[in-house]
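Let me begin by presenting the structure, written as structure tokens, before commenting on it.
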Amino acid sequence: MQIAVLALQGDFAEHEKIFHSLNIPTCQLRQKSDLTKDFDALILPGGESTVQGKLLRDLDMFDALRSRIMNGLPVMATCAGTILLARQILDDTTVHLGTLGISVRRNAYGRQLSSFHTKGTFAGIKDIPMSFIRAPQIEFCLPGTEVLAEHEGRITAVRQGNQLAMTFHPELGVDCRIAEYFLKEML
């Protein structure tokens, strides 16, 4: 088994560190030729969704990744990665991959200075560390999208088939339980 991590921009190294701590090999996707690597799942990291979406298109990786996700490739997205998957970005006409039946609002918790850390319950797993850094908010889910976590009444994690998306960063720190959930439940 190998996990591909989109490594165009953002906190991809933190995701790799978590999976390596579980003895799961990773590979980085940086250019179109990397899509020929053998991998079983994909991580879309936090960072800047606009930059990541533009680079996916500029590097001619967009259509191939979208097709693989639509054809069942397990994907885990955090923060900006969740925006990449969303079918709708409120207050923006841009749609990136558009494979996940959610509407999101960018920077819903405020600017960088409003970032915060808390603990919550994710898919029945208690005391999961959740870091919200210029985090989006999931405003709406289409039928078939399961809510896995909330913070103060706001949706923070969802699953739809092969897609797992979070508005927070579970990869910051040493807690591996969400990565373990992804490996057990989706691969």
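Looking at (1) touching a residue at least 40 places away in the same chain (Cβ under 8 Å); (2) over 19 Å from GLY46 (Cβ atoms); (3) outside any strand (DSSP E or B), find the lone condition where ASP175 falls short.
(2)
From the set of residues in the stretch 25-53 that are out of contact with any helix residue (DSSP H, G or I) (no Cβ under 7 Å at 6 or more places or on another chain) and among the β-branched types (Val, Ile, Thr), which is farthest from VAL104 (Cα to Cα)?
Out of the qualifying residues, it is THR36.
Filter the stretch 92-103 down to residues that are out of contact with any helix residue (DSSP H, G or I) (no Cβ under 9 Å at 6 or more places or on another chain) and within 14 Å of PHE140 (Cα to Cα) and give me whichever is surrounded by the fewest Cβ atoms within 10 Å (Cβ to Cβ).
The extreme case among them is SER103.
Residues in the stretch 87-102: is at least one under 22 Å from GLU185 (Cβ atoms), part of a strand (DSSP E or B) and without any contact (Cβ under 8 Å) to a residue 60 or more places away in the chain? Give the steps one after another, and end with the answer.
Filtering the stretch 87-102 down to residues under 22 Å from GLU185 (Cβ atoms) leaves 97, 99-102.
Next, only the ones that are part of a strand (DSSP E or B) stay: 100-102.
Next, from what is left, pick out any that are without any contact (Cβ under 8 Å) to a residue 60 or more places away in the chain: 101.
Scanning the stretch 87-102, I find at least one residue that is under 22 Å from GLU185 (Cβ atoms), part of a strand (DSSP E or B) and without any contact (Cβ under 8 Å) to a residue 60 or more places away in the chain, so the answer is yes.
Consider THR78 against the criteria (1) under 16 Å from the mean Cα position of the chain (by Cα); (2) surrounded by fewer than 17 Cβ atoms within 10 Å (Cβ to Cβ): it satisfies all of them except one. Which criterion is unmet?
Here THR78 clears every test but (2).
With respect to GLN88, determine if the residue is over 22 Å from ALA41 (Cβ atoms) and of a type in the set (S, T, N, Q). Spell out the reasoning first.
Values: over 22 Å from ALA41 (Cβ atoms): yes; of a type in the set (S, T, N, Q): yes.
Here the answer is yes, as GLN88 does meet what is asked.
Of all residues in the stretch 69-103, which are out of contact with any strand residue (DSSP E or B) (no Cβ under 9 Å at 6 or more places or on another chain) and within 24 Å of GLN2 (Cβ to Cβ)?
Residues satisfying the conditions are MET70, ASN71, GLY72.
Which residue is farthest from HIS169 (Cα to Cα), if the candidates are limited to the stretch 1-53 and must be in contact (Cβ under 8 Å) with a residue 60 or more places away in the chain, outside any helix (DSSP H, G or I) and charged (D, E, K, R)?
For the stretch 1-53, the residue satisfying everything is ASP40.
Being closer than 20 Å to VAL147 by Cα and in contact with a Lys or Arg (Cβ under 9 Å, 6 or more places away or on another chain) is the requirement here; does ILE69 meet it? Steps first, answer last, please.
Details: closer than 20 Å to VAL147 by Cα: yes; in contact with a Lys or Arg (Cβ under 9 Å, 6 or more places away or on another chain): no.
For ILE69, the condition - closer than 20 Å to VAL147 by Cα and in contact with a Lys or Arg (Cβ under 9 Å, 6 or more places away or on another chain) - is not met.
Do we have ARG134 as basic (Lys, Arg), in contact (Cβ under 8 Å) with a residue 24 or more places away in the chain and either assigned to a strand (DSSP E or B) or touching a Cys at 6+ places or on another chain (Cβ under 6 Å) (or both) here? Step through it out loud before you land on a result.
Values: basic (Lys, Arg): yes; in contact (Cβ under 8 Å) with a residue 24 or more places away in the chain: yes; either assigned to a strand (DSSP E or B) or touching a Cys at 6+ places or on another chain (Cβ under 6 Å) (or both): no.
Criteria not met by ARG134.
Pick from the stretch 104-125 the residues that are polar (S, T, N, Q) and at pLDDT 95 or above: which of them is surrounded by the fewest Cβ atoms within 10 Å (Cβ to Cβ)?
Taking the candidates together, the pick is THR118.
I'd like the full set of residues that are of a type in the set (D, E, K, R) and either buried (at least 16 other Cβ atoms within 10 Å of the Cβ) or under 14 Å from the mean Cα position of the chain (by Cα) (or both), limited to the stretch 18-67. Write out each step before concluding.
Quick first cut of the stretch 18-67, residues of a type in the set (D, E, K, R) only: 30, 32, 34, 37-38, 40, 48, 54, 57-58, 60, 63, 66.
Listed by number, the residues that qualify are ASP34, GLU48, LYS54, ARG66.
The values are calculated or read from the model by the stated rules, or taken from the named source; none is laboratory data. This is a predicted model, so every value here is computed, not measured. Every residue, glycine as well, gets a Cβ built from its backbone with ideal geometry; the counts of neighbours run over all protein chains shown.
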